[in-house]
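The values are calculated or read from the model by the stated rules, or taken from the named source; none is laboratory data. If you're wondering where the values come from, they're calculated on a predicted model, not measured in any experiment. Cβ sites come from the backbone with ideal geometry, for glycine too, and all protein chains shown count toward neighbours.
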Amino acid sequence: MAVDKTTILIVEDEPAIAELVTFTLREAGWNTFVAGSAGEAWEFIQRRMPHLVLLDWMLPDQSGLRLLSRIRADRQLQGIPVIMLTAKSMEEDKIAGLDNGADDYITKPFSPRELAARIKALLRRKSPEHAQSLMSAGVVTLDPASCTVMLHGQKIDIGHAEYKLLKFFLAHPERVFSRGQLLDKVWGDHVAIEERTVDVHVLRLRKALKDAESLIRTVRSVGYMLSEK
């Protein structure tokens with residue numbers, strides 16, 4: 001079971017394709033939501049930010065390209081990875097999609113395995129915390145494949161929330177994050193957790209890391225960071 005389920009929004013009005021894509025992505029271990037129109041997709045994104053959007057070019061209310069431009073124009077949403085799904089294989093359409101901010105492009109009919117591979121590659125590029133390779137800092141090593149943390153080569157006990165927090169810090173070393181940012185990035189902004197709860201989890205994480213606790217630094221009046229310096 002994935003420790004932090006990645007949420008993918010499928011914006012597709014053809015039920016058969018939406019069903020195939022949903023099945024493929026769930027098999028790969030991702031959470032999926034389907035929106036049948038650009039309006040429905042925009043409403044969903046306002047409520048809950050997905051980790052990635054699969055966006056069909058042709059939608060009943062407006063083009064996927066219009067929705068893509070709207071996402072890229074919004075400061076809070078502009079970083080969401082977007083893959084355009086389209087029956088159009090014309091070179092100029094591909095260029096138009098990429099020019100408007102699409103991260104990748106896949107033409108129908110596509111192989112489900114190729115779609116899953118392209119999503120994995122894009123998530124890895126855009127969100128290092130979703131990578132499956134070993135992550136380490138000092139004497140601490142985290143293995144996302146087995147969801148284990150090692151200290152001096154010995155496996156340690158670590159809580160679910162502390163694991164997620166450590167994984168995020170390891171993916172973004174030497175960067176300071178406020179409590180609000182950590183809540184948003186690690187737990188998702190739809191989760192009702194108070195900012196001071198972050199302090200509790202940081203405290204528990206340091207306790208779990210024992211003699212390596214100094215990796216997690218407090219930056220006064222700002223937040224926390226992982227630093228080996």
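In table form, for the structure just shown:
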item	result
Selection status of ILE95, of a type in the set (Val, Ile, Thr) and touching a Leu at 6+ places or on another chain (Cβ under 9 Å)	no
Yes/no for LYS185 being under 23 Å from LYS5 (Cα atoms), assigned to a helix (DSSP H, G or I) and in the same structural domain as LEU54 (by TED's automatic domain parsing)	no
Residue check for ARG75: among the basic types (Lys, Arg), in a loop (DSSP other than H, G, I, E, B) and not assigned by TED's automatic domain parsing to the domain that holds GLY159	yes
Subset of segment 4-27 that is in a loop (DSSP other than H, G, I, E, B) and at pLDDT 90 or above - its residue that is farthest from MET58 (Cα to Cα)	GLU14
Number of the condition not met by ILE80 [criteria: (1) crowded, with 18+ Cβ neighbours inside 10 Å; (2) within 19 Å of GLU14 (Cβ to Cβ)]	(2)
Unique match (being under 23 Å from MET49 (Cα atoms) and either touching a residue at least 60 places away in the same chain (Cβ under 8 Å) or in a helix (DSSP H, G or I) (or both)) among LYS167, LYS207	LYS167
Residue within segment 121-135 that is within 30 Å of VAL21 (Cβ to Cβ), loosely packed, with under 14 Cβ neighbours inside 10 Å, touching a strand residue (DSSP E or B) at 6+ places or on another chain (Cβ under 9 Å) and of a type in the set (A, V, I, L, M) present	yes
Candidate set from segment 129-186 (those that are farther than 17 Å from VAL200 by Cβ and hydroxyl-bearing (Ser, Thr, Tyr)); member that is modelled with the highest pLDDT	THR141
Test result for VAL53, under 21 Å from the mean Cα position of the chain (by Cα), closer than 27 Å to LEU182 by Cα, β-branched (Val, Ile, Thr) and at pLDDT 90 or above	yes
Test: residue in segment 43-53 that is in contact with a helix residue (DSSP H, G or I) (Cβ under 9 Å, 6 or more places away or on another chain), outside the structural domain of LEU166 (by TED's automatic domain parsing), farther than 29 Å from HIS160 by Cβ and surrounded by 14 or more Cβ atoms within 10 Å (Cβ to Cβ)	no
Failed item, numbered, when TRP30 is tested on (1) in contact (Cβ under 8 Å) with a residue 60 or more places away in the chain; (2) more than 18 Å from LEU123 (Cα to Cα)	(2)
Per-region count, segment 33-54, residues touching a residue at least 40 places away in the same chain (Cβ under 8 Å), farther than 16 Å from ARG118 by Cα and not in a helix (DSSP H, G or I)	3
